[in-house]
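Chemist: Please read through the structure below; I'll follow up with questions.
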């Protein structure tokens, strides 16, 4: 067994500085596991952290990315949660096990400020991982920790989604497509908005009922009201920010729920307070979720037969190319595959 491995890292901020280096292979300390990483799923946040830190105080050299799937190859003293050979996925906020959300200063996130997982092997406390779904490959399973769990928290864990409700999903990125599948699997009617008719058609094939092209129908909220007979949607996943939040407010049912997840157009919200008061809507920020919810999601994925949508899979040597694809946008997820599992 080799005593060295290689990992991707940046010596300072900037994706253009990504380099693959040979380093000592980790050995587990007490309470730790060593995971042979089979696949790493990239999130938009991973690129932002590598490029500008995204508010995190990083220690250099820094290894990007937070979401991985792999197999345990070594366990440290006292580990009872897992055994060698177990398939696992990472938890994005390892200090948040359950209950009330913790601030990121108390429970920092993987992939910034905690070093990330773009490496052949990763050592971490056993509490930082959960068992992978039985029904998914490592490439598929690696997409769950951030994108799938965010959609799960917005709709199921916090949103109490149930059959007969209407859900508006904005965009066709990783979170959005998981939301389409989860909502459809729970018997909800899904309306997807996108700037591409081709992507709308693909989202409908995944379970969405209707699609609205934002380019031809910029005031998409009126189309939502028309599709719902004037009632509005029960849940809206707000992915854009800025003035778009006011459109979401106009499209939501009285007392409905808007989950703020993305900031594609702006990192600020803009809406009239009187309209919010009149709507009696709840506007809730969603920032992934606890480990217990990830375990619930894994069980649901196995039961419901949900298959993550992967736009492209890149080899480990192609990490820079994978980030380029991520930055230009994807239908679903971008995954780096290190080895078969």
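The values are calculated or read from the model by the stated rules, or taken from the named source; none is laboratory data. Predicted, not measured: the structure shown is a model, and the values here were computed from it. For neighbour counting, all protein chains shown are included, and Cβ atoms are generated from backbone atoms with ideal geometry for every residue, glycine included.
Chemist: Is it true that residue 45 is in a strand (DSSP E or B) and closer than 30 Å to residue 329 by Cα?
Modeler: Answer is no for this residue.
Chemist: Select, from 208, 183, the only residue that is in a helix (DSSP H, G or I), at pLDDT 95 or above and touching a strand residue (DSSP E or B) at 6+ places or on another chain (Cβ under 7 Å).
Modeler: Every option except 183 fails the conditions.
Chemist: For segment 302-329, which residues satisfy the criterion of being within 16 Å of the chain's Cα centre (by Cα) and either in a loop (DSSP other than H, G, I, E, B) or farther than 20 Å from residue 42 by Cα (or both)?
Modeler: Within segment 302-329, 306, 307, 308, 309, 329 qualify.
Chemist: If residue 148 satisfies all but one of (1) under 30 Å from residue 195 (Cβ atoms); (2) assigned to a loop (DSSP other than H, G, I, E, B), what's the number of the condition it fails?
Modeler: (2)
Chemist: Failed condition for residue 63, given (1) over 27 Å from residue 320 (Cα atoms); (2) crowded, with 20+ Cβ neighbours inside 10 Å; (3) out of contact with any helix residue (DSSP H, G or I) (no Cβ under 8 Å at 6 or more places or on another chain), with all others met?
Modeler: All conditions pass for residue 63, except number (1).
Chemist: Which of the residues belonging to segment 231-244 are more than 18 Å from the chain's Cα centre (by Cα) and farther than 20 Å from residue 190 by Cβ?
Modeler: Of everything in segment 231-244, those that are more than 18 Å from the chain's Cα centre (by Cα) and farther than 20 Å from residue 190 by Cβ turn out to be 242, 243.
Chemist: I'm trying to understand the selection: among the residues of segment 10-24, which are in contact (Cβ under 8 Å) with a residue 60 or more places away in the chain and buried (at least 20 other Cβ atoms within 10 Å of the Cβ)?
Modeler: 15
Chemist: Could you list all residues from segment 224-260 that are surrounded by fewer than 19 Cβ atoms within 10 Å (Cβ to Cβ) and in contact with a helix residue (DSSP H, G or I) (Cβ under 9 Å, 6 or more places away or on another chain)?
Modeler: If the condition is that a residue be surrounded by fewer than 19 Cβ atoms within 10 Å (Cβ to Cβ) and in contact with a helix residue (DSSP H, G or I) (Cβ under 9 Å, 6 or more places away or on another chain), then 225, 228, 231, 246, 250, 254, 255 are the ones that fit.
Chemist: Every residue in segment 195-212 that is over 23 Å from residue 156 (Cα atoms) and touching a helix residue (DSSP H, G or I) at 6+ places or on another chain (Cβ under 6 Å), please.
Modeler: 212
Chemist: Condition first: modelled with pLDDT of 95 or more, within 23 Å of residue 222 (Cβ to Cβ) and surrounded by 24 or more Cβ atoms within 10 Å (Cβ to Cβ). Can you find one or more residues in segment 149-165 that meet it?
Modeler: Within segment 149-165 (the criterion being modelled with pLDDT of 95 or more, within 23 Å of residue 222 (Cβ to Cβ) and surrounded by 24 or more Cβ atoms within 10 Å (Cβ to Cβ)), the answer is no, since none of the residues qualifies.
Chemist: If you don't mind, there's one more thing I want to ask. So which of 130, 117 ends up being in a strand (DSSP E or B) and in contact with a strand residue (DSSP E or B) (Cβ under 7 Å, 6 or more places away or on another chain)?
Modeler: 130
Chemist: Here's a follow-up. All but one of (1) buried (at least 16 other Cβ atoms within 10 Å of the Cβ); (2) over 22 Å from the mean Cα position of the chain (by Cα); (3) part of a loop (DSSP other than H, G, I, E, B) hold for residue 33; which doesn't?
Modeler: (3)
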